[in-house]
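The values are calculated or read from the model by the stated rules, or taken from the named source; none is laboratory data. Note that this is a predicted model, so its numbers are computed, not measured. We place every Cβ from the backbone using ideal geometry, glycine too, and count neighbours over all the protein chains shown.
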Amino acid sequence: MLAYHGKIMQSLPAIGDVEVRHMLDTMSCLDQFALATRRHIDLSVQVLTGHPGGVRARNRFSNTLVEVVTCTQEGVYLTSWGYRLGTVDNIEDAAARLAYLLAALPA
């Protein structure tokens, strides 16, 4: 395992002269995103396991203000409709953008 900006990465075995690539541990990144999102008092947050994993955030005062966020292998947080919230390099800002979209206030 390797660290990339504090995120856990898994190394893949090299085959012959093939370059060794590193995969981002997206579930770890989603857990960190969920923690940052929970700092917004108006949001209810749930980590979704499975493939692909995600974070479901809902405005506590609305049945319709709901969004599911995924994390790509490149470390980009995306909403279910393809809006780029940010990257794993700045999780707090990505969570704040989601909170803004869902009309939530910081704690």
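Laid out as a table, the results:
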| quantity | calculated |
| --- | --- |
| Checking Ser44 against (1) small (Gly, Ala, Ser); (2) under 21 Å from Asp25 (Cβ atoms); (3) at pLDDT 95 or above; (4) not in a helix (DSSP H, G or I), the condition it does not meet | (2) |
| Number of positions in the range 47-68 that are under 13 Å from Met27 (Cβ atoms) and β-branched (Val, Ile, Thr) | 3 |
| Every residue from the range 90-107 that is surrounded by fewer than 17 Cβ atoms within 10 Å (Cβ to Cβ), in contact (Cβ under 8 Å) with a residue 40 or more places away in the chain and over 11 Å from the mean Cα position of the chain (by Cα) | Ala103, Leu105, Pro106, Ala107 |
| Search result, residues across the range 71-107 that are part of a strand (DSSP E or B) and more than 16 Å from Leu30 (Cβ to Cβ) | Pro106 |
| Qualifying position, being of a type outside the set (Ser, Thr, Tyr) and at pLDDT 90 or above, among Val55, Val18 | Val55 |
